[in-house]
Structures are given as structure tokens and as C-alpha cells.
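Here is the structure we will look at.
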Amino acid sequence: MSKEDPATQEQQSPTAAAAASHDHADHGHAHGGIFGERTELIVAIICGALLGVGFGLSFINTLPAYIAIGFYAGAYLFGGFYTTKEAILEISKGKFEIDFLMLVAAIGAAFLGQWAEGALLLFLFSIGHSLEHFAMDKAKKSIAALASLAPKTALLKNGADVKEVSIESLKTGDVIVVKPNSKISADGFVVSGNSSVNQAPITGESIPVDKTPVEDANIDLANAGKLDAKYKVFAGSINGGQALEIKVTKTAADSTIARLIKLVNETQTQKSPTQNFTDRFLKYYVPAVLILVGLLLLAFLVIDEPFSASFYRAMVVLVAASPCALAISTPSAVLSGVARAARGGVLVKGGKPLEELGSLTAIAFDKTGTLTEGKPKLTGVYTLNGISEEALLSMVVAVEKLSDHPLAAAIVKGGIERLKKDIPAASNVVAIQGRGIQAEHDGATVFIGNKELFSEKDNRLPQDLQARIEDLERKGNTTMIVQQNDQFIGIVTLMDVARADAKQTLNELSKLGIRKMIMLTGDNQKVAEAIAKEIGITEALGNLLPEEKVAAIEKLRSSEKKVAMVGDGVNDAPAMAKSTVGIAMGAAGSDVALETADIALMADQLSNLPFAIGLSKQAHRIIKQNLVISLGMVIILIPLTMSGIAHIGPAVIGHEGSTLVVVFNALRLLGYKR
């Protein structure tokens, strides 16, 4: 492979820099090793295995005690490896956080001869962290996935010459050539050629958009944004079956794709208020415990007791104050909740989305592929002037059979399903780009196309036909008019229809406390309103670009606070990242949406969303219960151990008792019923 030119390297550098900064922010999560990204989890499991063997051997009286202690020491080695790494990194930055405290508590337990206690502390702590880290590492891939959407090169036209150049070298006003069925390299407008362009990767539109050249290719580029959508194209969208020539209106750094990358970068590293609160709590709790233990070590200087007694009391308090139950109260519930969600067809990426999903009061939905099936379907056949429905449909299928337009494929598929038989193709088929198709069928000339075709061909449509078409389009249909010779004989309609389970799902969400449900789509407003009315969405916003979806999410968050974004396409990724919880439709979702989202409905079933929210509400209740149990035990044990009322035995029993209670309480989530 040849070396990349400097321009290409420059293009990649911002993405690489963003990824590097993300890695730096999440240094503790980059735990690779000989087993790859699963190394930390495998090391934690080895720790647990050694702990289990040591615990079993401790009951064999004929064996020397040091054999069991040897296995416990091995558990210390594996369980404390990553904890020690993070503790050292924290100390180097002047921080004493929970990793350090857990390590000191485990060492203190060993000094007191409680090797099993210390090994268990490290095992439970490391297993919880490893599972969280493994899930969080997935988020780093979203930037690279976004960057790969746009081509790295473009075909620059200069007079009669066409040469391949990097997209960074393109300037506004350049003309590029886009071959059939290839990605468009830059934002711009069409100056030559007619084609259908799949804009779903950018705008989410369900139906490819016909593009035609502007009348004046030399218009002021400052006014290009005001052009009609039929002239404009976006980098990353996919050209149809005909070549296009496009005048560039935005450089690579300012393209729609570049904005998508920027939006996701801005939101990925933002911490939640809950995470900030936890960080502040640990910032004060850990040093406070260490100071308390340090003072207790010096108690023999104040009260009449030997150093050994002061040391013993300090270590007992350290074990009692060790936030093991507190540390695993949330991860254990999260682990159980995530496992139960996975069994139900829902992928949840960690504790934050699992907790916050249940506190939502509003949900924004993308339309195409989320609330709808994501592809046009034949929805209506309307006859005129006495022709039968079967005859009209047979004629339409015969003519559209030789067209390569996506709408033609939907008409043929739906028509054959209705007729329950195959239809021979028509002859002399001629495509009329951006308008429709012409063919010969049973000795007659047949035209099938949109309103523009017949307005141009016959000067104007009959008033009654025009009114009927407008009524159908108000209901969200794409209309195709059929003319045989000079007589209008029918209308066929297509639509991206609502999912079968959409209406029921929205009803269930309303019962779960979701007060507001809105639709955000790149499709036109009429289509959005028609779908919304059918399924029960209260507000529909159409004609939205990705940054406008982000703005809509921000506006919704200002009034509702906790907002989810449910989508399936690349264009939904920034809005997902900006929402409280991003939810991707699994099978239909793009890689970027799946990586950026916090939750994925894996089976592509919208009906799994109420199940996930119900599970989240139960998880949130259990997490609160666990926090009360774990903090309550610490509050009880610390005074008792400081006063000498409770010794190491009661401290361990209370500590381990609370640990087991929170674990078993969390395991209740595995039995959650829909």
C-alpha cells in the first residue's frame, strides 16, 4: 500500500487527536494485556478462582495454614494488579481515591491475618471495575466510524481533465465528478447530471431524493445554502445510478460529516452530574478514612495502651470503613440489570444509562427505521376512468420492472404481492430523470411519474386530480400518476409505513411515566405529521439536519431534564450523544449509532423499549436500597470499632454481611419479569 499524502494525514490527525484525548481522559479504562481487551476481566476471574481454592483448603485441618495463605496471596496478586496500577497513577497526581483505599484495606486485613477478607475485597472490587471498563471502551470507536463515512479522495474536474485528489485539497467552487453508486465526497450542488441520491446516512430520509442540475452553475456560492433540496448534496451520501458533477460549497473541514464528528467529540467526554457527585464524595471520603486510621495508629501516645492495640484497632476500623459493599452496590446491580436486559434483547452499556433510563420524562424518536420500517412500501392503488385495479397494477408493475429507481423496486415488490403472480416487463422503457418513466405496454404509451412530469408534459393537471393528489400527500404519501396515451387512469402511492408495534409501544411508554414523546426526522413535515397522527406521537418536527436534531434535543432537555434519543442512523449519532440516554435500533442501526448510543435494541424491536425502562426503574430502586444498606453498615461499624465494642470478628461479619446482602439484592434483577 502506498503512503498517504500529507493532506490525508492532516485529515486524520484531528480524529486521532480526539481519540488520544479521549484515551487520556479515561486512562483507567485502557486495560489491555495478553488476553486483549478482556484481560482485566480474566485477571479478576483468576483472582476469584484462587480465593475459592484457598477458602476451600482452609477447612482441611491436616493441611498447613500457609498453603491456603499461598492461594490467598495469589488472589492478592491478581486482584490487586489493576487496582495498584490505578492507585499509583492517582497518587502521582496527588489524589487518594477509592482504588488506594481498597488496596490499603486489603493490606490491613492481611496484617490482621484476615487473608480471605482482603482477597474477597480485591476480587469483588476488580470484577466490578473490569466489567465497567470493558463496556466503556466501546465508546472510543465512534469517532473513527464517523470519520470513515466520507471518501478520502474526490475526482476533481478541470476543463476536460479529471484527476483524483484528496478531499482536503478541494476548495469552494471546485467541480467534482461522482460516479454512479459511489459516495459523494463534498457538500455542494449539482451542476450536471440527474440521479437519485440516498441521503439516509446524513438526513435520515427514507426515500432517495432525485437531484437535478441548477439552471445557473455560476450562482454566488454565498447563496448556495438557499437552493432547493433537489439541487444540494452532502458529503457521505450515496449517489444512485447516474453520474453527477457537483460544485463544492464547503471544504472538508466544514462539511456535514465534519460537523457530525465535532458534535460527537464534544459530547463523548462530558461527565454526568451523578458521576461528578461521586467523584467529589470519594475525593473527601477516602482521605478522611486514611486520616482517621492514621490518628488511631497514634492513639497509644494519648491513651495508656501498647502500639499493638492501637494498630489492631486502626486496622479493624480500616476494614469496617472499607467501602466494599458501597463500591459494589451499584456495579452488582448494574451487572445483574445488564445481564437481564441482554436476555431480553437489549444491550446496555454500563450503569449510567441503566440508572438514567428509568428517570426519563421525555423521549425523542427518529422516524425512519425507528418508528417506521425504513423503506418505502406500496400503500395504495387508486383507479380512474373505469380501469380495474388489477389492470392498473399489472400495467404499473410491467413498466416499473425495468427501472433502477428505488421507488420502482418498491412498486414492483408490492404489486406482485397483491397480484399474487408475476408480470412480464413492458418494452421501450425510457427513464425521465427526476420525473418518472415512459414505456410501451399492450400497444399503448404509458407514463408513470410525479406531478412535475405531467405539469410539464400536459401544461397542467386536471383540477380534481390535483386535489386528490394533494390530499394523499398531506397524509404522508409519495404519489405516482399513471397515464395511458392521453388519459389519466390511476394513482399509486408509496409510504414509509409505521412499525406494527409502534402505537402499542408508545401507549406503554406513556403508562411508564414518559410525559412527552416527539419525532425528529429529515423527511418533510407532512410525512412526519401523518406518521405521528397514526401512532400517537404528540409533536413531529420535520426537515431537520443533524445539528437541528441536536438543537431540538437541547431545547427538550431545558424543559424535561432527562431526555432519551432513539434512532438508527449516522445522522442520529450527535443527537444521541447530546441526550441523557442515546438508544439505537440494533439491526437497523448504523455502526456509528450503535457505538455512540448508550443502549441498543438488539433485535430491532421497538417493543423492547418499555421493558428496558421498567427494568431500569427496578434497578434504580435496588441501587438506592444497596446504598442505604452499605452506608448504613459503615455508619454503624465505624463508631463500634473505634470504641472497641466491636472487634475484627463482628467487623468482618458486618462488613461481609452487608456485602452479601447487596449482592443478593442486586441478583433479584435477574428474575425481573416484563
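Given the structure, is SER616 among the hydroxyl-bearing types (Ser, Thr, Tyr), crowded, with 23+ Cβ neighbours inside 10 Å and at pLDDT 85 or above? Judged against the criteria, SER616 is a match. Determine whether SER237 is more than 17 Å from PRO546 (Cα to Cα) and among the polar types (S, T, N, Q). Judged against the criteria, SER237 is not a match. Out of GLU440, GLU456, GLU452, one residue alone is of a type in the set (Asp, Glu), under 43 Å from the mean Cα position of the chain (by Cα) and not in a loop (DSSP other than H, G, I, E, B). It is GLU452.
Could you identify the single residue in ALA339, ALA321, ALA325 that is surrounded by fewer than 23 Cβ atoms within 10 Å (Cβ to Cβ) and either closer than 18 Å to VAL104 by Cβ or modelled with pLDDT of 75 or more (or both)?
Details: ALA321 fails: surrounded by fewer than 23 Cβ atoms within 10 Å (Cβ to Cβ); ALA325 fails: surrounded by fewer than 23 Cβ atoms within 10 Å (Cβ to Cβ).
Step by step, each of ALA339, ALA321, ALA325 is checked, and only ALA339 is surrounded by fewer than 23 Cβ atoms within 10 Å (Cβ to Cβ) and either closer than 18 Å to VAL104 by Cβ or modelled with pLDDT of 75 or more (or both).
Out of the residues in the stretch 164-180 that are of a type in the set (D, E, K, R) and farther than 22 Å from SER195 by Cβ, which is nearest to the chain's Cα centre (by Cα)?
It comes out as GLU168.
Being surrounded by 12 or more Cβ atoms within 10 Å (Cβ to Cβ) and in contact with an Asp or Glu (Cβ under 8 Å, 6 or more places away or on another chain), is that true of even one residue in the stretch 441-456? Yes, there is a match, as at least one residue in the stretch 441-456 is surrounded by 12 or more Cβ atoms within 10 Å (Cβ to Cβ) and in contact with an Asp or Glu (Cβ under 8 Å, 6 or more places away or on another chain).
Quickly run through the stretch 473-494 and pick out the residues that are outside any strand (DSSP E or B) and either touching a His at 6+ places or on another chain (Cβ under 7 Å) or surrounded by fewer than 20 Cβ atoms within 10 Å (Cβ to Cβ) (or both).
The initial filter retains those residues of the stretch 473-494 that are outside any strand (DSSP E or B), namely 473-477, 485-486.
Across the stretch 473-494, the qualifying residues are GLU473, ARG474, LYS475, ASN485, ASP486.
Within the stretch 121-131, none of the residues are part of a helix (DSSP H, G or I), over 17 Å from MET315 (Cα atoms), at pLDDT 85 or above and β-branched (Val, Ile, Thr).
Looking across the stretch 644-672 at every residue that is out of contact with any Lys or Arg (no Cβ under 9 Å at 6 or more places or on another chain) and at pLDDT 85 or above, the one that is nearest to TRP115 (Cα to Cα) is identified as ILE645.
Please find, within the stretch 236-247, the residue that is modelled with the lowest pLDDT out of those that are among the aliphatic types (A, V, I, L, M) and either in a strand (DSSP E or B) or out of contact with any strand residue (DSSP E or B) (no Cβ under 8 Å at 6 or more places or on another chain) (or both).
Going residue by residue through the stretch 236-247, those that are among the aliphatic types (A, V, I, L, M) are 238, 243-244, 246.
Among the residues that remain, those that are also either in a strand (DSSP E or B) or out of contact with any strand residue (DSSP E or B) (no Cβ under 8 Å at 6 or more places or on another chain) (or both) are: 238, 244, 246.
Details: ILE238: 88, LEU244: 95, ILE246: 95.
Top of the filtered list is ILE238.
The set of residues from the stretch 414-435 being of a type in the set (S, T, N, Q) and either touching a residue at least 24 places away in the same chain (Cβ under 8 Å) or more than 28 Å from LYS230 (Cα to Cα) (or both) comprises SER427, GLN433.
Among the residues that make up the stretch 658-667, is at least one of them in contact (Cβ under 8 Å) with a residue 24 or more places away in the chain, over 34 Å from the mean Cα position of the chain (by Cα) and assigned to a helix (DSSP H, G or I)? Within the stretch 658-667, one or more residues are in contact (Cβ under 8 Å) with a residue 24 or more places away in the chain, over 34 Å from the mean Cα position of the chain (by Cα) and assigned to a helix (DSSP H, G or I). Among the residues of the stretch 552-576, those identified as modelled with pLDDT under 90 and crowded, with 24+ Cβ neighbours inside 10 Å are GLY567, ASP568, GLY569, VAL570, ASN571, ASP572, ALA573, PRO574, ALA575, MET576. Each residue in the stretch 370-412 was checked for being crowded, with 18+ Cβ neighbours inside 10 Å and on the phi > 0 side of the Ramachandran plot, and 1 of them qualify. Got at least one residue in the stretch 293-302 being β-branched (Val, Ile, Thr) and either over 21 Å from the mean Cα position of the chain (by Cα) or modelled with pLDDT of 75 or more (or both)? Yes. Taking the stretch 413-438 as the range and being at pLDDT 90 or above, crowded, with 21+ Cβ neighbours inside 10 Å and within 22 Å of THR212 (Cα to Cα) as the test, only ILE437 passes.
Picking from residues in the stretch 146-177 that are in contact with a strand residue (DSSP E or B) (Cβ under 6 Å, 6 or more places away or on another chain) and part of a loop (DSSP other than H, G, I, E, B), the one that is surrounded by the most Cβ atoms within 10 Å (Cβ to Cβ) is LEU170. Scoring GLN463 on the criteria (1) touching a residue at least 40 places away in the same chain (Cβ under 8 Å); (2) surrounded by fewer than 17 Cβ atoms within 10 Å (Cβ to Cβ); (3) out of contact with any strand residue (DSSP E or B) (no Cβ under 7 Å at 6 or more places or on another chain) leaves a single failure, condition (1).
The set of residues from the stretch 622-657 being in a loop (DSSP other than H, G, I, E, B) and either surrounded by 14 or more Cβ atoms within 10 Å (Cβ to Cβ) or β-branched (Val, Ile, Thr) (or both) comprises ILE645, ALA646.
Of the residues making up the stretch 459-506, those that are more than 33 Å from the chain's Cα centre (by Cα), of a type in the set (S, T, N, Q) and farther than 14 Å from ILE411 by Cβ are ASN459, GLN463, GLN466, GLN483, GLN484, ASN485, GLN487. Note on the stretch 622-649: residues that are farther than 21 Å from PHE281 by Cβ and either free of Cβ contacts under 8 Å to residues at least 12 places away in the same chain or not assigned by TED's automatic domain parsing to the domain that holds MET315 (or both) amount to 3.
Here is the figure for the stretch 647-669: residues that are touching a helix residue (DSSP H, G or I) at 6+ places or on another chain (Cβ under 8 Å) and more than 12 Å from VAL319 (Cα to Cα) total 11.
The values are calculated or read from the model by the stated rules, or taken from the named source; none is laboratory data. Note that the coordinates shown come from a computational prediction; the quantities given were computed from them, not determined experimentally. Counting neighbours? That spans all protein chains shown, and the Cβs are built from the backbone with ideal geometry, glycine included.
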